[in-house]
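Structure first, commentary second.
The values are calculated or read from the model by the stated rules, or taken from the named source; none is laboratory data. Keep in mind that what you see is a predicted model, and the values were worked out from it rather than measured. Because the Cβ atoms are built from the backbone with ideal geometry, glycine has one as well, and the counts that use them run over all protein chains shown. Surface accessibility is based on the protein's heavy atoms, side chains included, excluding ligands, DNA and RNA. Shrake-Rupley method; radii C 1.70, N 1.55, O 1.52, S 1.80 Å.
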Amino acid sequence: MTERLYYSDSHMKTFTATVMDCAEGKNGFEIILDRTAFFPEGGGQGADTGILGGVEVLDVHEKDGQVVHYTNRPLTVGDTVSGEINWVQRFQRMQLHSGEHVVSGIIYKLYGFENVGFHMNGFEATFDAGGELNEEQVRLVERMANQVVWENVPVRATFPEPEVLKGLQYRSKLDLTENVRIVEIEGYDRCACCAPHVNCSGEIGQIRLLTHMRHRGGTRMTMVCGAGALQDAVSKYETVATVSASLSVKHHQAVEAVEKLKEEAAQAKYELAQLRKSQALKQLEALEYTDGNLCLFTEDLDADSLRALVNGAMSFCGGIAAAFSKNEKGWKYIMGSNTVDLRAKAKEINAAISGKGGGSSAMIQGSCTAGEKEIEDFFYN
């Protein structure tokens, strides 16, 4: 059985070991050592990567009780090899995982909600609390979690004896009875966990709860810690700096400037829509009454303006007044009539103009992709 060095020293970066077995598999060469500092995937934390005996460790998993290292090249059975884990990756994951324990422990103490799901993805972690939390509660948890970081309390991992374990209160998703590894953040959390963690809460760095949302009767949150929190802050700072420079304002004025820009854009959009409506309605001035149908074509007209055009055109025809507004996908249309039951005729119309839509007997609306000539041929012939 492989000795798991990460249990006794989560900060071990290099080690030596003897190659016990090496076999080629589907995902590279599968290597088993007599001892290892490489953590296999588990507990929501990804597997370590790194170098082993000069070959690349691509993945690590537990298989039949053994720690299996998947490498890109084989190693010789019996050789003593040196291993070096990707420490930057490992430490970031430890910061994130230990930070999640802090947050989950506080949520449990304050509200009694268990952590019912946990997943790491790069710098971020997603976890689910078993009850609903509002914005105020989430921010309270975040403040308290960072207080734990500042206090720099010890983080210990132990394997309590069965009789000791029976008397312990700890968080766990499983009903465990033996070989249970307990990770304790002194004074704040005690949880069953197989993963490596930091040695003290100060190593976690800043804890940020980025998002929260209702999810299956609980709350789904995303968080960053330490190096991930720094990267998130730098990225957001650069975004604000870019926006501020574009708008020629100071950083703290960026939000106000963006809101002003949105208001101006909305006003410009409204004025453009009114102008297009006015231009479209001018078509009515040139119309003469017809007993048949009437087709009008325009571009980029909103639904209200298109409806106004149809309402005006209905007084100039005894059949169907149809208005079409061109867009990148074809046409959107509205049709009205004082004499034709458009609901009854909608299927025939849509089939002829490659369209879809419907409405009432007096007016229908939808979209179509037929060409202008094809549309006119149907309505005028």
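Where a ≥ b ≥ c are the square roots of the eigenvalues of the C-alpha gyration tensor, would you call the chain rounded, which needs a/c under 1.5, or, failing that, prolate if a/b is larger than b/c, or oblate? Display every interim value, and only then the final one.
Details: a/c = 3.05, a/b = 2.45, b/c = 1.25.
In terms of gyration-tensor shape, prolate.
Phi angles of region 23-34 translate, via the Karplus equation with coefficients 6.51, -1.76, 1.60 and θ = phi - 60°, into HN-Hα couplings of 9, 7, x, 5, 10, x, 8, 9, 10, 10, 10, 7 Hz per residue; Gly and Pro are given as x. Converting phi to 3J(HN,Hα) with the Karplus coefficients 6.51, -1.76 and 1.60 and the offset θ = phi - 60°, region 286-293 yields 9, 7, 10, 5, 9, 6, x, 8 Hz in sequence order, with x at every glycine or proline. Phe123 contributes about 60 Å² of solvent-accessible surface, heavy atoms of the protein only, 1.4 Å probe.
So what is the 222 nm mean residue ellipticity for the chain from helices alone, if each DSSP H run of at least 4 adds -39500 (n - 2.57) and you divide by all residues, rounding to the nearest 500 deg cm²/dmol? Intermediate values should be presented prior to the final figure.
On the way: 9 runs with 132 residues, N = 381.
Result for the chain: -11500 deg cm²/dmol, rounded to the nearest 500.
Shape class of region 287-381 from the alpha-carbon gyration tensor: rounded, with the ratio a/c of largest to smallest axis under 1.5. Taking amide H atoms as placed 1.01 Å from N in the peptide plane, the amide H of Thr49 lies under 5 Å from those of Asn86, each 5 or more residues away in sequence or on another chain. By how many degrees, between 0 and 90 and to the nearest 10, does the Cα long axis of helix 135-151 differ from the longest principal axis of the chain? Taking Cα atoms only, the helix is inclined about 30 degrees. The residues of the chain expose on average 54 square angstrom of accessible surface per residue, using a 1.4 Å probe on protein heavy atoms.
Would you please calculate the Kirkwood hydrodynamic radius of region 194-341 over all C-alpha pairs and express it in Å, rounded to one decimal?
Details: mean 1/r = 0.0476 Å⁻¹.
It works out to 21.0 Å.
Dipole magnitude for region 1-122: computed about the Cα centre from +1 point charges on Lys and Arg Cβ and -1 point charges on Asp and Glu Cβ, it is near 360 debye.
Expressed as a whole percent, the accessible area of the chain that falls on carbon and sulfur atoms is 50 (1.4 Å probe).
Using packing as a proxy for protection, rank 162-169, 79-86 so that the peptide with the highest average count of other Cβ atoms within 10 Å comes first.
Details: 162-169: 9.9, 79-86: 16.2.
Order by mean packing, descending: 79-86, 162-169.
Here the extension length gained between Leu261 and Arg156 equals 32.5 nm, from 0.36 nm per residue of separation less the Cα-Cα distance. Comparing Cα centroids, region 97-168 and region 283-344 end up 62 angstrom apart. Add +1 for every Lys or Arg and -1 for every Asp or Glu among the other residues with Cβ under 12 Å from the Cβ of Glu263, and state the total. Within the 12 Å Cβ shell, the charges total 0. The H on the amide N of Phe15, modeled in the peptide plane, is under 5 Å from the matching H of Gly83, each at least 5 residues off or on a different chain.
The angle between the Cα long axis of helix 254-281 and the longest principal axis of the Cα atoms of the chain comes to about 20 degrees, rounded to the nearest 10.
What ranking do 317-323, 28-34, 288-294 get when scored by the average of other Cβ atoms within 10 Å per residue, highest first? Display every interim value, and only then the final one.
Values: 317-323: 22.9, 28-34: 20.4, 288-294: 12.9.
Per-residue Cβ counts within 10 Å, averaged per peptide and sorted highest first, yield 317-323, 28-34, 288-294.
Tally Lys/Arg at +1 and Asp/Glu at -1 over every other residue whose Cβ is under 9 Å from the Cβ of Cys295; what's the total?
-2
Relative to the first principal axis of the alpha-carbon coordinates of the chain, what is the inclination of helix 342-353, with its axis defined by its Cα atoms, in degrees from 0 to 90 and to the nearest 10? With rounding to tens, the tilt is 80 degrees.
Within straight cross-link reach of Lys345, meaning Cα distance under 19 Å, which lysines are found once same-chain residues fewer than 8 apart are removed? Of all the lysines, those that pass the test against Lys345 - Cα under 19 Å, at least 8 places apart if same chain - are Lys332, Lys356.
For region 204-276, which trypsin sites (Lys or Arg not before Pro) are both in a DSSP coil and crowded by at most 16 other Cβ atoms within 10 Å? Loop-located and lightly packed - Arg216, Lys250.
Solvent-accessible surface (1.4 Å probe) assigned to Tyr70 amounts to roughly 30 Å².
Tell me, in nm to one decimal, what length is gained between Asn381 and Ala352 on full extension, where the rule is 0.36 nm per residue of separation less the Cα-Cα distance?
Result: 9.2 nm gained on full extension.
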